[in-house]
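Colleague: Pasting a structure below so you can have a look.
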Amino acid sequence: MRIFSGNSNRPLANAITQALDTRLGEMTCARFPDGEVKVQIHEDVRGDDVFVVQSTTSNDFLMELLVIADALRRASAQRITAVVPYFGYARQDRKHSGRVPITAKLVANLMVTSGIDRLLTVDLHAMQIQGFFDIPVDHLGSLAVQLDYLKGLDFTSPVVLSPDTGSIKLADVMAKRLGAGLAIIDKRRVGDAQTEVANVIGEIKGHDVVVVDDMITTAGSMTNAIRIAKEMGARRVVPVTTHAVLCGDAYERLAGSDMDHLVVSDTIPLRRRFADLPISVLSVAGMLGEAMRRIHTNQSVSSLFV
């Protein structure tokens, strides 16, 4: 097994290698003076089983992954597995109106064309993206990691709150695993960045509330859910998410919210400015490392699916 990493999430890549008691492969992944991606593999990978750790949080990082895969393929690697903790463009999985692309499918095509033989990812925004690939896809959930942490918070009569109808299934699974109640915010979207709450289903008053979603981007939906939970008498509100995209006005919204604690994972490096907020970062390195070990040794990965 050989492991390489682009520049998107080097701390997570190092944590994975530590979990597997190995090291990152030697590689240059930089830029030419004109901004084009420059990649060179400094080790012999002929016939090797190679894993590339790279979250595609930007176009630059997506391009890095594609170029690294092409370099490895041309260096005669036997198999190339892309370990993509955060899969960018996942929200563009269908045509929601006329004359728009299905960019998640385009990204899948690009990955396969570049030479990637297998994809390992965490908490896809849309499960059907697995079907966009004509190669094996191992889709892991971070719920097991989150549950281990949440069970240590000593909740009183917990309720899991879905911030919208799209997160109901995730919230329901977490509620069952936590032995908690379930509540749902039914919202109406009025724009790409604005939503209007229509109704709340479930009992929140006097309960410890866990607001669960797969990602936080501008934090509009999440802070709206936090506000509603507090207004309805929640005793404590703990938002939980896998992917801390945290862009736009996310910092200002979270800093101005009445949340008690935010729980995220390290699929995306946490920006430095968020360090002064009450945030805990859970690592998925052990889970990804175990999945990589099983893929390499041709063992079942199914038991890791949550």
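The values are calculated or read from the model by the stated rules, or taken from the named source; none is laboratory data. Keep in mind it's a predicted model, so treat the numbers as computed, not measured. Note: ideal-geometry Cβ built from the backbone for every residue, glycine included; neighbour counts use all protein chains shown.
Colleague: Tell me the residue from L110, L72, L66 that is over 13 Å from S8 (Cβ atoms), in contact with a helix residue (DSSP H, G or I) (Cβ under 7 Å, 6 or more places away or on another chain), not assigned by TED's automatic domain parsing to the domain that holds L270 and not in a loop (DSSP other than H, G, I, E, B), please.
Modeller: L110
Colleague: Spot the failing condition for Q92; the list is (1) within 17 Å of E26 (Cβ to Cβ); (2) touching a helix residue (DSSP H, G or I) at 6+ places or on another chain (Cβ under 6 Å); (3) not small (G, A, S), and only one is missed.
Modeller: (1)
Colleague: Whether any residue in the range 252-272 is in a strand (DSSP E or B), surrounded by 14 or more Cβ atoms within 10 Å (Cβ to Cβ), hydroxyl-bearing (S, T, Y) and under 15 Å from the mean Cα position of the chain (by Cα) is what I want to check.
Modeller: Yes, because at least one residue in the range 252-272 is in a strand (DSSP E or B), surrounded by 14 or more Cβ atoms within 10 Å (Cβ to Cβ), hydroxyl-bearing (S, T, Y) and under 15 Å from the mean Cα position of the chain (by Cα).
Colleague: Have a look at A144, A108 and point out the one that is farther than 19 Å from E290 by Cα and touching a residue at least 12 places away in the same chain (Cβ under 8 Å).
Modeller: A108
Colleague: With the structure loaded, tell me whether Q18 is part of a helix (DSSP H, G or I) and loosely packed, with under 15 Cβ neighbours inside 10 Å or whether it fails that test.
Modeller: yes
Colleague: Something else about it: How many residues are assigned to a loop (DSSP other than H, G, I, E, B), in contact (Cβ under 8 Å) with a residue 40 or more places away in the chain and closer than 12 Å to D117 by Cα when one looks only at the range 78-97?
Modeller: Counting residues in the range 78-97 that are assigned to a loop (DSSP other than H, G, I, E, B), in contact (Cβ under 8 Å) with a residue 40 or more places away in the chain and closer than 12 Å to D117 by Cα gives 0.
Colleague: Here is a further query. Looking at (1) over 21 Å from G35 (Cα atoms); (2) at pLDDT 95 or above, which is the only condition S97 fails?
Modeller: (2)
Colleague: Name every residue in the range 198-227 that is within 25 Å of A126 (Cβ to Cβ) and touching a residue at least 40 places away in the same chain (Cβ under 8 Å), in order of residue number.
Modeller: G202, V210, V211, V212, D213, D214, M215, I216, S221, M222, N224, A225
Colleague: Condition first: surrounded by 13 or more Cβ atoms within 10 Å (Cβ to Cβ) and not in a helix (DSSP H, G or I). Now tell me which residues in the range 284-304 satisfy that.
Modeller: Matches in the range 284-304: V284, V301.
Colleague: Can you name every one of the strands (runs of 3 or more DSSP E) wholly within the range 148-235 that holds 1 or more residues which are modelled with pLDDT under 90 and either surrounded by fewer than 23 Cβ atoms within 10 Å (Cβ to Cβ) or touching a Cys at 6+ places or on another chain (Cβ under 7 Å) (or both)?
Modeller: Answer list for the range 148-235: 181-189, 195-201.
Colleague: Among the residues of the range 273-283, what is the count of those that are closer than 20 Å to R227 by Cβ and buried (at least 17 other Cβ atoms within 10 Å of the Cβ)?
Modeller: So the count comes out to 2.
Colleague: To continue, here is another question. Among the listed residues R91, R73, R99, R79, identify the single one that is touching a Lys or Arg at 6+ places or on another chain (Cβ under 8 Å) and either surrounded by 19 or more Cβ atoms within 10 Å (Cβ to Cβ) or of a type outside the set (S, T, Y) (or both).
Modeller: Result: R79 is the single residue among R91, R73, R99, R79 that is touching a Lys or Arg at 6+ places or on another chain (Cβ under 8 Å) and either surrounded by 19 or more Cβ atoms within 10 Å (Cβ to Cβ) or of a type outside the set (S, T, Y) (or both).
Colleague: Another question about this same structure. Looking at (1) under 27 Å from I168 (Cβ atoms); (2) at pLDDT below 95; (3) of a type in the set (A, V, I, L, M), which is the one condition that is false for A275?
Modeller: Unmet for A275, out of (1) under 27 Å from I168 (Cβ atoms); (2) at pLDDT below 95; (3) of a type in the set (A, V, I, L, M): (1).
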